[in-house]
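K.L.:
The structure under discussion is supplied below as structure tokens; questions concerning it will follow.
The values are calculated or read from the model by the stated rules, or taken from the named source; none is laboratory data. Values in this document were obtained by computation on a predicted structure and should not be read as measured data. All Cβ positions, even for glycine, are placed from backbone atoms using ideal geometry, and neighbour counts span all protein chains on display. Protein only, heavy atoms only, side chains kept; ligands, DNA and RNA dropped before computing areas. Shrake-Rupley method; radii C 1.70, N 1.55, O 1.52, S 1.80 Å.
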Amino acid sequence: MAKLKLKTCSGAKKRFKMTGTGKIKRNASKRRHILTKKTTKLTRGLRMNHYVDKTNEATVRRMLPYGK
């Protein structure tokens, strides 16, 4: 009998990516609109890599069962 496959959460696969070291990358919030009132320093900082917090990491890993 074949082993059951787990479903990947389709919303999570669009939002998160696994790095080579096993961390989970995510997009920065507050980058979509009303950027004129935000400082250049802030918007530049939002371009940097952001990672999922360790408190939420287990939840995201459960949504992406076939990640690294």
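K.L.:
Criterion first (in contact with a His (Cβ under 7 Å, 6 or more places away or on another chain) and either basic (Lys, Arg) or at pLDDT 95 or above (or both)) does Arg26 satisfy it?
P.N.:
Taking the combined requirement at face value, the residue satisfies it.
K.L.:
Out of the residues in the stretch 1-54 meeting the condition of being surrounded by 10 or more Cβ atoms within 10 Å (Cβ to Cβ) and β-branched (Val, Ile, Thr), tell me which one is nearest to Tyr66 (Cα to Cα).
P.N.:
Restricting to residues being surrounded by 10 or more Cβ atoms within 10 Å (Cβ to Cβ) and β-branched (Val, Ile, Thr), the top hit is Thr8.
K.L.:
Taking the stretch 11-23 on its own, how many of its residues are in a strand (DSSP E or B) and either without any contact (Cβ under 8 Å) to a residue 40 or more places away in the chain or not aliphatic (A, V, I, L, M) (or both)? Talk me through it step by step, then tell me what you get.
P.N.:
Going through the stretch 11-23, the residues in a strand (DSSP E or B) turn out to be 17-18.
Subsequent filtering for residues that are either without any contact (Cβ under 8 Å) to a residue 40 or more places away in the chain or not aliphatic (A, V, I, L, M) (or both) retains 17.
The total comes to 1.
K.L.:
List every residue pair whose Cβ atoms sit under 7 Å apart, with the two residues 6 or more apart in sequence or on different chains, where the first one lies in the stretch 35-50 and is of a type in the set (A, V, I, L, M) and the second, anywhere, is open to solvent by 100 Å² or more (accessible area, probe 1.4 Å).
P.N.:
Here the result reads Leu46/Lys30, each pair linking the stretch 35-50 to a residue that is open to solvent by 100 Å² or more (accessible area, probe 1.4 Å).
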